[in-house]
Each structure stands twice: as C-alpha cells, then as structure tokens.
Amino acid sequence: NKNGVYNVVGPEIINRYELALRVADTFKLDKSLIIPTSTAKLNQTAKRPLNGGLYIDKILQEINYTPKSIKEALLEMKFRSM
C-alpha cells in the first residue's frame, strides 16, 4: 500500500570510467580500448553529474528490498545473455 516516486538502483555510486571497466571485466572485453576522459572535454550541452547514482533511502526504509551490487547485476546480465 505504498505510492509515490521510488528511485531504485544499486547501492553503489561510481564514475562512468569505473563502470566501463567493470563491464569489460565481467564480459572479458579489452579494457585497453576504454580511454578515460574528463567531463569538461566532452562539451555536452546539458550538465552531467561526475558520478552515477541515486539516493535510495526511501525504498530501503519503506519496503523489504535489497538492491543488487553492480557486480551482481552485471553477472546476471552476462548469464542471461548466454
């Protein structure tokens, strides 16, 4: 009997470069092809946060939900794609 907006993501907050490295590790991809760059060099029109993540305190307090870690989620994606 809950309502409202719930931001549901995993508990970790990491930068996009680290996420790309974790994806490469999980899927056995060549990490040398991932080249880090700064957000400033991208010249994006819209501002972007340096790290990706959301505050999930509301859902953790109100319902019995345990979010997956990035590693768990990537492994699930890997094995579902096989």
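The values are calculated or read from the model by the stated rules, or taken from the named source; none is laboratory data. Here the structure is a predicted model, which means the values were calculated and not measured. Positions of Cβ are backbone-derived with ideal geometry, glycine not excepted, and every protein chain shown enters the neighbour counts. These accessible areas exclude ligands, DNA and RNA; they are computed on the full protein's heavy atoms, side chains included. Shrake-Rupley method; radii C 1.70, N 1.55, O 1.52, S 1.80 Å.
Check the straight Cα-Cα distances from Lys28 and name the lysines below 16 Å, setting aside those fewer than 8 residues away within the same chain.
Cross-link targets: Lys71, Lys78.
To the nearest 20 debye, what is the magnitude of the charge dipole of the chain about its Cα centre, counting +1 on the Cβ of each Lys and Arg and -1 on the Cβ of each Asp and Glu?
Approximately 240 debye in magnitude.
Relative to the longest principal Cα axis of the chain, at what angle does helix 16-26 sit, 0 to 90 degrees, rounded to 10?
90
In a Gaussian network model over the chain where Cα atoms closer than 10 Å are linked, find which of Lys58, Lys28, Lys41 has the largest mean-square fluctuation.
Lys41
May I ask you to derive the relative contact order of the chain, considering only C-alpha pairs under 8 Å and at least 6 residues apart, and to give it as an integer percent?
About 48 percent, as a whole number.
Taking amide H positions as placed 1.01 Å from N in the peptide plane, with prolines and chain starts having none, which residues 5 or more places from Ile14, or on another chain, fall under 5 Å of its amide H?
Excluding prolines and chain starts, which carry no amide H, the hits are Gly52.
Through the Karplus equation 6.51 cos²θ - 1.76 cosθ + 1.60, θ set to phi - 60°, convert the phi angles of segment 67-78 into ³J(HN,Hα) values in whole Hz; use x for Gly and Pro.
Using θ = phi - 60°, the values come out as x, 7, 6, 4, 4, 4, 5, 5, 5, 5, 4, 4 Hz.
How charged is the neighbourhood of Ala73? Take every other residue with its Cβ under 11 Å from the Cβ of Ala73, and add Lys/Arg as +1 and Asp/Glu as -1.
Residues close to Ala73 contribute a combined charge of +2.
Compute the distance in nm between two label points, each set 7 Å from the Cα along the Cα-to-Cβ direction, one at Ala73 and one at Ile34.
With each label placed 7 Å out from Cα toward Cβ, I get 1.5 nm.
Picking from Glu72, Glu18, Glu62, which is most flexible by a Gaussian network model of the chain using Cα springs under 10 Å?
In the Gaussian network model the winner is Glu62.
Using a 1.4 Å probe over the heavy atoms of the protein chains, calculate the carbon and sulfur portion of the accessible area of the chain as a whole percent.
So the carbon and sulfur contribution to the accessible surface is 55 percent.
When each pair of different Cα atoms in the chain is counted once in the 1/r mean, what is the Kirkwood radius in angstroms, to one decimal?
Answer for the chain: a Kirkwood hydrodynamic radius of 15.1 Å.
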